[in-house]
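The structure under discussion appears below in the form of structure tokens.
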Amino acid sequence: MRLHSTVPNLRPSRRTILRVTESFDRPQEFRHNLVLVCDSVDKRDTAGFPIILTRNAPAENCDAAKLPAELDYVKDGDILRFDPSGQISVLYRKNSSFNAMLVTERCNSKCLMCSQPPRDIDDDYLIEDWLKVIPLMSPSTRELGITGGEPTLRFADLLSLIQATKDHLPKTALHMLSNGRSFSYLKYAERIAAIQHPDFMIGIPLYADVDDLHDFVVQARGAFSQTILGILNLARVGQRIEIRFVIHRHTFERMAHFAKFIRRNLPFVHHVTFMGLEIMGYAKSNLESLWIDPSAYEDQLREAVAELVSARMNVSIYNLPLCLLPKSLWRFARKSISDWKNIYFEECDSCAVRDFCAGFFASARIRRSTHIRPLGTSEREYANALWSNS
């Protein structure tokens, strides 16, 4: 699934954000912020729609452009951006559980395995766009993400974005990824908390229980101390926090020590996640240094999860398929990979538990475990019993 495509003959004079409608019957007064997507225009009334896209080739002299085949999945309620360059970007999909708002590509860390390496570019328009998108989103949206780069580097605008989601989508859970370093200044934590969003969590990566290892992974001296202070400040103001731990060759050995550190020093966090590696960006460039077959850290992962569970903490495992996890850890495994990144290999075709499994990042084609295998009927019975009771 692609989120961008180009239509050379569709070049609006300015960047335009529109919600998809597949209905010709929308009242004229509401058509100004809609893009009509239809099979063909025929002779129906299309006046007032700024842009019309057809799934079939439009007739000559028709004021419409053909929807690119790679974007044929767009549906009523989705939101698209049209750039003067001719590029169409899918910003929001109404029926997806993985909508996220990229607010900047800039970052003050340079993590060894970052899947989207930071770029020092002028991307101030991003939050401006999202402030236009949010009022067009469906009120039934269950969850929405904020990501970067590092979102807090545009702090004033970030506050406006969080406030907008609270105002327009009061029933939508909001989850922001942040390295947490800005929150080492208490005033930043206080201003975030002052918005009083009803369902807001900040996911913060912590890659070790010792400062030198964490600082090495994020390639920023002093980052461990800033992150820990940031977590403490957020807890001080009542902000919900998730801790994220990406497993690779540099981090796996201290996984159990990390869990003990969390249990003893940060028992108030709401969620701890252990995450498999996505081989994109810096992770792809540093793959020989980072790669370890998930089968090789099974013992460390089991011990780390057990440590946190014994403290009655909420634990999850992201981005790892069930065939690479011992059954004792299956109840912590989540289907976490964004649908547009998610794949299954040939071995998965005959797997009896595929429906329960996270599968793989598309980038796993570059390097994957040698232990991937289809699971059978007994494993399916176990999975059915496990998740039917949850």
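The values are calculated or read from the model by the stated rules, or taken from the named source; none is laboratory data. The model shown is predicted, which means the values in this text are computed figures rather than measured ones. Every residue, glycine as well, gets a Cβ built from its backbone with ideal geometry; the counts of neighbours run over all protein chains shown. With ligands, DNA and RNA removed, areas are computed over all heavy atoms of the protein, side chains included. Shrake-Rupley method; radii C 1.70, N 1.55, O 1.52, S 1.80 Å.
Being in a helix (DSSP H, G or I) and either surrounded by 19 or more Cβ atoms within 10 Å (Cβ to Cβ) or at pLDDT below 95 (or both) is a property that ALA283 has.
A single entry from ILE292, ILE262, ILE231 fulfils the requirement of being assigned to a loop (DSSP other than H, G, I, E, B) and open to solvent by less than 30 Å² (accessible area, probe 1.4 Å): ILE292. Would you point out which residue out of LEU136, LEU144 is within 30 Å of PHE30 (Cα to Cα), open to solvent by 10 Å² or more (accessible area, probe 1.4 Å) and touching a residue at least 40 places away in the same chain (Cβ under 8 Å)? Testing whether each residue is within 30 Å of PHE30 (Cα to Cα), open to solvent by 10 Å² or more (accessible area, probe 1.4 Å) and touching a residue at least 40 places away in the same chain (Cβ under 8 Å) leaves just LEU136. Of all residues being in contact with a Ser or Thr (Cβ under 7 Å, 6 or more places away or on another chain) and not in a helix (DSSP H, G or I) in the stretch 318-352, which is farthest from PHE252 (Cα to Cα)? Just the residue, please. By that ranking, first place goes to ALA352. Annotation note: Cβ proximity below 7 Å between a residue of the stretch 292-305 that is of a type in the set (Lys, Arg) and a residue that is modelled with pLDDT of 95 or more (sequence gap 6+ or interchain) occurs for ARG302/PRO326; ARG302/SER328; ARG302/LEU329. Screening the stretch 207-228 for residues that are part of a loop (DSSP other than H, G, I, E, B) and within 16 Å of MET255 (Cα to Cα) and picking the one that is most open to solvent (accessible area, probe 1.4 Å) gives VAL210.
Entry remark, the stretch 174-198: residues being open to solvent by 20 Å² or more (accessible area, probe 1.4 Å), under 17 Å from the mean Cα position of the chain (by Cα) and more than 18 Å from GLN226 (Cβ to Cβ) number 1 in total.
Whenever a residue of the stretch 249-277 is more than 17 Å from SER115 (Cα to Cα), its partners that are in a helix (DSSP H, G or I) and among the small types (Gly, Ala, Ser), lying with C-beta atoms within less than 7 angstrom and at least six residues away or across chains, give the pairs MET255/ALA304; ALA256/ALA304; PHE258/ALA304; ALA259/ALA304; PHE268/ALA235. Tallying residues that are in a loop (DSSP other than H, G, I, E, B) and surrounded by 17 or more Cβ atoms within 10 Å (Cβ to Cβ) within the stretch 81-95 yields 2.
Take the conditions among the hydroxyl-bearing types (Ser, Thr, Tyr), surrounded by 20 or more Cβ atoms within 10 Å (Cβ to Cβ) and in contact with a Phe, Trp or Tyr (Cβ under 7 Å, 6 or more places away or on another chain) and apply them to THR165. Does it pass? Here the answer is no, as THR165 does not meet what is asked. Scanning the stretch 96-122 for residues that are under 19 Å from the mean Cα position of the chain (by Cα) and either among the aliphatic types (A, V, I, L, M) or open to solvent by less than 30 Å² (accessible area, probe 1.4 Å) (or both) yields a total of 11.
Checking each residue in the stretch 87-97 for being out of contact with any helix residue (DSSP H, G or I) (no Cβ under 7 Å at 6 or more places or on another chain) and either over 15 Å from GLY77 (Cα atoms) or of a type in the set (Lys, Arg) (or both) picks out GLN87, ARG93, LYS94. What number of residues within the stretch 307-317 are closer than 15 Å to PHE245 by Cα and part of a helix (DSSP H, G or I)? So the count comes out to 2. With respect to (1) touching a residue at least 12 places away in the same chain (Cβ under 8 Å); (2) open to solvent by less than 70 Å² (accessible area, probe 1.4 Å); (3) out of contact with any helix residue (DSSP H, G or I) (no Cβ under 6 Å at 6 or more places or on another chain), the lone exception for VAL315 is condition (3). Evaluation of ALA358 against the conditions (1) open to solvent by 50 Å² or more (accessible area, probe 1.4 Å); (2) in contact with a Lys or Arg (Cβ under 9 Å, 6 or more places away or on another chain); (3) closer than 28 Å to ALA385 by Cβ; (4) assigned to a loop (DSSP other than H, G, I, E, B) shows that the sole unmet condition is (1). Taking the stretch 16-74 and the strands (runs of 3 or more DSSP E) fully enclosed by it, the elements with 1 or more residues that are open to solvent by 30 Å² or more (accessible area, probe 1.4 Å) and in contact with a helix residue (DSSP H, G or I) (Cβ under 6 Å, 6 or more places away or on another chain) are at 16-21.
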